[in-house]
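Visitor: First the structure, then my questions, so here it is.
The values are calculated or read from the model by the stated rules, or taken from the named source; none is laboratory data. Because the structure is predicted, anything quoted here is derived from the model rather than measured. All Cβ positions, glycine included, derive from the backbone under ideal geometry; neighbour counts span all protein chains shown.
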Amino acid sequence: LHSQSKEPPQNPGRFSELVEALLAGASIGRVRIVQSVLAKWRRFWSGVAQNLLRKEELLGLFGEVWFLSRWLLPSVGVERGPGMWRGPSGARNDFEAPGLAIEVKTSGKLDGSHQIHGLEQLLEPAGGVLLLFSLAVREEASGVESLPRLVNNVRAALAADQSQLALFESMLLAARYEDAHAPEYEKVKLRIRGQGLYRVSESFPRLVPASILNGLPAGVSSLTYELRLDAAGAWLLSDNPPAAAKLLQDLSAKREQTQ
């Protein structure tokens, strides 16, 4: 009879990673840091590769991380931005704060149209503001952007704040992003075709519960529709991050006041 140990081999590197995380993090964020590192351990020891993200999932995650990296962090700072990213955890909108919701849509279609899911995705939070960020991309061999490159850029930006880095890593995990698949994701080269931040208000082109007087017909449980933003120019706030910085700062300040 031969017995084989079920215990995983020792890995001093990963043990030191946990120790360093605990030493580096502020006490208020240590639980989140430990959770993040232990999640890495579980994935490492399991030896079971998760399924690759589908193309639409990859583009959606790219758009959310792009908005966090290029628009939100430069405006509200590394100490607040990661905590606003909620989409992968199942929140109604991709970025949320008291009185503020930001929905991120990424399109690889030639017409730049976005798919909207349900009657509430473009519904303002009660007493709050809803912004829609639109990102149009094109996959091409000469593209200089990729999801792994973008993820690593954010990691570098958050490296000095382990608690915020842990929040970012937890959202990547919730979105099923695995570093083991980075070489595959790196093959998807993207070019940014356009981007814009919109204020969603009462007359914005959308469908909400009030659009259907008697609600959805019996037997219809959900609704999906296509949105083209060439009809929404009047609601465009900015097509570049610096021009939107003050707006995002002001909304962030209101968020702090309500906490």
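Visitor: Have a look at Leu53, Leu68, Leu72, Leu59 and point out the one that is at pLDDT 95 or above and part of a loop (DSSP other than H, G, I, E, B).
Guide: Leu53
Visitor: A follow-up question, please. If you go through segment 216-241, how many residues are outside any loop (DSSP other than H, G, I, E, B) and in contact (Cβ under 8 Å) with a residue 12 or more places away in the chain?
Guide: Residues meeting the conditions: 12.
Visitor: Residue by residue through segment 193-215, note down the ones that are touching a residue at least 60 places away in the same chain (Cβ under 8 Å) and among the hydrophobic types (A, V, I, L, M, F, W, C).
Guide: Leu197, Val200, Phe204, Leu207, Val208, Ile212, listed by residue number.
Visitor: What are the residue pairs meeting all of these: first residue in segment 113-130, first residue on the phi < 0 side of the Ramachandran plot and assigned by TED's automatic domain parsing to the domain that holds Glu103, second residue polar (S, T, N, Q) and surrounded by 15 or more Cβ atoms within 10 Å (Cβ to Cβ), Cβ atoms under 9 Å, and 6 or more apart or on different chains?
Guide: Going by the 9 Å Cβ cut-off, the qualifying pairs are Ser113/Ser107; His114/Thr106; His114/Ser107; His114/Ser134; Gln115/Ser107; Gln121/Asn93; Pro125/Asn93; Leu130/Asn93.
Visitor: Restricting attention to segment 86-106, which residues are of a type in the set (Lys, Arg) and within 11 Å of Glu64 (Cβ to Cβ)?
Guide: Arg86, Lys105
Visitor: Something else: With the requirement that a residue be among the aliphatic types (A, V, I, L, M) and touching a Leu at 6+ places or on another chain (Cβ under 7 Å), what does segment 193-211 give you?
Guide: Leu197, Val200, Leu207, Val208
Visitor: Then there is this: Leu227: over 18 Å from the mean Cα position of the chain (by Cα), closer than 27 Å to Leu100 by Cα and surrounded by 12 or more Cβ atoms within 10 Å (Cβ to Cβ), yes or no?
Guide: Considered against the rule, which asks whether it is over 18 Å from the mean Cα position of the chain (by Cα), closer than 27 Å to Leu100 by Cα and surrounded by 12 or more Cβ atoms within 10 Å (Cβ to Cβ), Leu227 comes out as yes.
Visitor: Would you check if there is a residue in segment 168-187 being under 23 Å from Leu52 (Cβ atoms), in contact with a Phe, Trp or Tyr (Cβ under 7 Å, 6 or more places away or on another chain) and assigned to a helix (DSSP H, G or I)?
Guide: Taking every residue of segment 168-187 in turn, at least one turns out to be under 23 Å from Leu52 (Cβ atoms), in contact with a Phe, Trp or Tyr (Cβ under 7 Å, 6 or more places away or on another chain) and assigned to a helix (DSSP H, G or I).
Visitor: Quick one: in segment 223-259, which of the residues that are small (Gly, Ala, Ser) and over 22 Å from Thr106 (Cβ atoms) is modelled with the highest pLDDT?
Guide: Ala234
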